[in-house]
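Engineer: One structure coming up, written as structure tokens, with questions to follow.
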């Protein structure tokens, strides 16, 4: 999902609160910030990944991750010389997953917010425009 990948600035496979705040600031203005309790609700409701975070006792995923697009288990450190593993997949396999929204969770949360705001397509076009997409009619 291209929008998710644009927002996932640290390439860890999840959107942390800071990355989601960046999306909010781009689409809603510089004053838009997500309170921690809203972030916790989003990740709990729509598919957050749990992992090690500083000072947290949250559940931790194992060091083995499933490589995207396949059923092969990629163990930590096995990705350095494998040309079939993307840079993004390699980072996910090597580092503990922080708490944040997964790609599926981000899509579900966005669709929920879209429906909750009345389902106006102009909102989606506006968001895509803020993310740098060419949203001019006829393009």
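The values are calculated or read from the model by the stated rules, or taken from the named source; none is laboratory data. Owing to the predicted nature of the structure, the values given are computational and were not obtained by experimental measurement. As a convention, Cβ positions derive from the backbone with ideal geometry for all residues, glycine included, and neighbour counts pool all protein chains shown.
Engineer: Can you find a residue that is part of a loop (DSSP other than H, G, I, E, B) and either within 22 Å of residue 124 (Cβ to Cβ) or modelled with pLDDT under 50 (or both) anywhere in region 81-95?
Structural biologist: Let us first name the residues in region 81-95 that are part of a loop (DSSP other than H, G, I, E, B), namely 81-86, 95.
After this cut, where a residue has to be either within 22 Å of residue 124 (Cβ to Cβ) or modelled with pLDDT under 50 (or both) as well, the list is none.
Looking through region 81-95, none of the residues is part of a loop (DSSP other than H, G, I, E, B) and either within 22 Å of residue 124 (Cβ to Cβ) or modelled with pLDDT under 50 (or both).
Engineer: Can you find, within region 114-139, the residue that is farthest from the chain's Cα centre (by Cα) among those that are over 13 Å from residue 27 (Cβ atoms) and part of a helix (DSSP H, G or I)? I'd like the intermediate steps shown before the answer.
Structural biologist: Taking region 114-139 first, the residues over 13 Å from residue 27 (Cβ atoms) are 115-116, 118-121, 134, 136-139.
Filter once more, keeping what is part of a helix (DSSP H, G or I): 115-116, 121.
Values: 115: 20, 116: 20, 121: 22 Å.
Only one residue tops the list, namely 121.
Engineer: Let me ask something else. Select, from 20, 24, 42, the only residue that is at pLDDT 90 or above, under 17 Å from residue 114 (Cα atoms) and either out of contact with any helix residue (DSSP H, G or I) (no Cβ under 9 Å at 6 or more places or on another chain) or surrounded by fewer than 13 Cβ atoms within 10 Å (Cβ to Cβ) (or both). Let's see the steps before the verdict.
Structural biologist: Values: 20 fails: either out of contact with any helix residue (DSSP H, G or I) (no Cβ under 9 Å at 6 or more places or on another chain) or surrounded by fewer than 13 Cβ atoms within 10 Å (Cβ to Cβ) (or both); 42 fails: either out of contact with any helix residue (DSSP H, G or I) (no Cβ under 9 Å at 6 or more places or on another chain) or surrounded by fewer than 13 Cβ atoms within 10 Å (Cβ to Cβ) (or both).
24 is the lone residue from the list that is at pLDDT 90 or above, under 17 Å from residue 114 (Cα atoms) and either out of contact with any helix residue (DSSP H, G or I) (no Cβ under 9 Å at 6 or more places or on another chain) or surrounded by fewer than 13 Cβ atoms within 10 Å (Cβ to Cβ) (or both).
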